[in-house]
Amino acid sequence: MSTKTIPMVINGAATVTARTIDVINPSTEAVIAQVPEADAPSLIAALEAAEHGFALWSQTAPAKRKYIILAYAGLLEKHRVGIIARLREETGKPQDNAEYDFGMLITCLRFFVEEFERLDQPVLHDPEGRFLHYVQRQPLGVVVGMLAWNFPLLNVGYKLGPALAAGCSVIIKPSHLTPLATLAVAALAKEAGIPDGVVNVVTGTDHEVWKTVLESDIPAMITMIGSTRAGREVTRSSSTSVKHLSLELGGNAPVLVYADADVQDAAQKVVDLKFSNSGQVCVSPNRCFVHESVYEEFVSAAKKRAATVKMGPLITDRARQNVLGFVGSAVAAGAGIVCGGKAAKGPGYFMEPTILRDVRTNMKVSCEEIFGPVLPIIKYTDADDEIALANDTEYGLAAYVFTTNLAKGLRAARDIKSGSVCVNEVHYSVQLPHGGLKQSGVGKDCSRYSLAEYLTLKRITVQIDKAP
């Protein structure tokens with residue numbers, strides 16, 4: 001790819017600024033392009049464009065919005081090969097992972113436009129019989145989406161799908177590490193018939209300048225996918241006016257493998273999810289609690305499965321060094337390396353898939369989100385409260401349970417404080433709500449529950465009979 005500057009998309013037009021940011025291929029460490037460093041004037045232009053775009057899009061008939069959104073999805077499909085190639089360059093993803101990432105964007109666009117037609121606007125009971133009360137849902141307003149780099153297009157789909165279906169306009173800020181595929185997607189919006197100002201994509205690294213957007217009273221919603229630390233900063237900066245917040249933040253997902261579990265099956269599924277996307281997944285298993293009676297069997301099965309794993313790179317060398325630091329800290333505190341534990345030979349920010357045994361709950365690797373290809377395995381006994389172990393974290397995004405005992409599975413699902421609990425199989429899908437509890441965020445992505453966040457809920461009352 002040429003290292004030319006790929007422009008931002010503001011009000012349907014290509015936009016550049018005086019400064020640029022390098023985009024690096026993590027598989028080769030080569031600079032593959034530059035994108036603009038947004039400045040205050042460009043962000044003000046994006047806000048004004050989104051405000052104008054909302055006025056147009058929110059008044060567009062739902063049937064016409066549906067036609068345009070489906071046309072947009074079809075146009076993106078026509079450009080599938082080029083967009084996926086750009087996605088692979090900026091992320092280092094293997095082909096199948098990149099295809100899934102792109103496919104989820106298309107799935108979200110199509111799902112939410114159909115889900116919009118299934119939303120209810122109910123008539124409410126009137127005990128006096130004098131009034132007609134009903135609920136009306138209307139587009140919320142301008143939505144600002146701040147997105148993570150691990151699944152660039154899936155993350156766009158999670159925000160753009162419900163926003164467009166609801167009649168909202170958007171300002172999307174992809175990660176500066178992976179902006180290229182998102183910019184390519186935004187550049188096609190105009191051709192699909194989406195009005196100027198409805199889809200705006202800006203790039204940048206300067207949080208102080210980005211406050212131009214967060215502190216503005218134009219956005220009705222701030223939504224993001226990112227770390228808990230970043231979520232707290234965004235919340236503070238956005239509090240200059242009352243805004244809706246939908247934040248999918250950090251995780252520290254527990255796995256409970258009970259003594260009665262199908263151990264081979266559990267090990268395979270945990271390893272496959274752990275090393276998916278090189279461990280750079282918010283719902284990735286982070287603390288794997290295994291009953292002492294099946295501990296050795298699980299460790300052996302996990303090691304065997306890990307030997308078959310093929311991974312892409314971590315996103316940056318800094319990220320890799322951080323993950324290697326987790327490993328070094330754990331080993332220094334008494335954990336053992338089952339496999340991996342080192343950086344792979346370059347070029348590229350690769351690391352060996354790593355499994356740690358004899359991990360304790362007070363180790364850094366157990367207490368913080370790893371966001372890399374390291375699976376810590378922790379032994380527990382009948383004397384332990386395994387649910388308390390699972391809940392011993394400030395996070396609550398995802399959790400996993402493996403057992404053949406129905407009562408155990410249902411109790412664990414009920415009592416683990418997490419936004420989702422999968423029992424005996426990892427499963428995520430666009431129709432299922434996704435989001436966290438505690439410091440893992442507020443609000444939901446996916447499902448009708450996400451779509452509802454992009455719509456007002458207005459109660460309307462009409463007098464039918466006068467008071468007696």
Would you mind calculating the gained length between THR404 and ARG232 on full extension (0.36 nm times residue separation, minus the Cα-Cα distance), in nm to one decimal? 58.0 nm
What is the distance, in nm, between label points placed 7 Å from the Cα along the Cα-to-Cβ direction at THR381 and at ALA413? 3.1 nm
Relative intensity, log₁₀ I(q)/I(0), of region 79-233 from a Debye sum that treats every alpha carbon as a point, q = 0.11, 0.15, 0.21 Å⁻¹: -0.50, -0.83, -1.41
Taking the solvent-accessible surface of protein heavy atoms with a 1.4 Å probe, what is the per residue accessible area of the chain in Å²? 41 Å²
Please give the length that would be gained between LYS466 and GLU191 if that part of the chain were fully extended, namely 0.36 nm times their separation in residues minus their C-alpha to C-alpha distance (nm, one decimal). 93.6 nm
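Which order do peptides 338-348, 41-51, 141-151 fall in by mean Cβ count within 10 Å, highest first?
141-151, 41-51, 338-348
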Acute angle (nearest 10 degrees) that the helix 406-415 long axis makes with the longest principal axis of the chain, alpha-carbon atoms: 60 degrees
Theoretical FRET efficiency, 1/(1+(r/R0)^6), r = Cβ-Cβ of LYS458 and GLU114, R0 25 Å, to 0.05: 0.60
Could you work out what % of the accessible surface of the chain is carbon and sulfur, using a 1.4 angstrom probe and leaving DNA, RNA and ligands out of the count? 53 percent
Compute the Kirkwood hydrodynamic radius of region 108-160, taking the inverse of the mean of 1/r over all pairs of distinct Cα atoms, and give it in Å to one decimal. 14.4 Å
Report, ordered by chain and residue number, the lysines lying within cross-link reach of LYS269, taken as a straight Cα distance under 18 Å and ignoring same-chain residues fewer than 8 apart. LYS303, LYS304, LYS310
Using +1 at the C-beta of Lys and Arg and -1 at the C-beta of Asp and Glu, which of PRO174, ALA192, VAL442 has the Cα lying farthest in the positive direction of the dipole of the chain? ALA192
Treating the angle as unsigned and between 0 and 90°, give the value, to the nearest 10°, between the Cα long axis of helix 80-91 and the longest Cα principal axis of the chain. 50 degrees
What the Cα atoms of region 250-294 span along the principal axes, largest first and in whole Å, is 30, 18, 10
With every protein chain in place, what's the accessible area of ASP415 (1.4 Å probe, Å², nearest 10)? 60 Å²
Can you tell me what percent of all Cα-Cα pairs in region 305-404 are more than 19 Å apart? 48 percent
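Over the alpha-carbon set of region 1-157, divide Rg by the Kirkwood Rh and report the Rg/Rh ratio to two decimals. Display every interim value, and only then the final one.
Values: Rg = 20.3 Å, Rh = 18.8 Å.
Computed over Cα atoms, the ratio is 1.08.
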Taking 0.36 nm per residue of separation between GLU296 and THR308 and subtracting their Cα-Cα distance, the length gained on full extension comes to 2.4 nm
What is the calculated FRET efficiency for HIS125 to GLU215, with r their C-beta to C-beta distance and R₀ = 41 Å, to the nearest 0.05? 0.45
For GLU368 and LEU437, FRET efficiency with R0 = 22 Å and r from the beta-carbon atoms, rounded to 0.05? 0.80
Can you give me the angle between helix 317-332 and the longest principal axis of the chain, using Cα atoms only, in degrees from 0 to 90, rounded to the nearest 10? 40 degrees
Using distinct alpha-carbon pairs, which all enter the 1/r mean, Kirkwood radius of the chain in Å: 23.4 Å
Cα pair count fraction exceeding 17 Å, expressed as % - region 167-215: 39 percent
Would you please calculate the Kirkwood hydrodynamic radius of region 22-94 over all C-alpha pairs and express it in Å, rounded to one decimal? 15.5 Å
Which whole-percent values make up P(r) of region 184-289 when all C-alpha to C-alpha distances are grouped in 10 Å steps starting at zero? 12, 27, 25, 21, 12, 3
Any idea what log10 I(q)/I(0) is at q = 0.10, 0.15, 0.22, 0.23 Å⁻¹ for region 359-468, Debye with uniform C-alpha scatterers and no solvent? -0.43, -0.79, -1.38, -1.44
With every protein chain in place, what's the accessible area of SER420 (1.4 Å probe, Å², nearest 10)? 20 Å²
Equivalent ellipsoid semi-axes - Cα gyration tensor, region 221-343, angstrom: 33, 18, 14
Region 214-270, Rg to Rh (Cα coordinates; Rh as Kirkwood inverse mean 1/r): 1.33
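The values are calculated or read from the model by the stated rules, or taken from the named source; none is laboratory data. Keep in mind it's a predicted model, so treat the numbers as computed, not measured. Every residue, glycine as well, gets a Cβ built from its backbone with ideal geometry; the counts of neighbours run over all protein chains shown. Quick note on the areas: whole protein, heavy atoms, side chains included, nothing else; ligands and nucleic acids left out. Shrake-Rupley method; radii C 1.70, N 1.55, O 1.52, S 1.80 Å.
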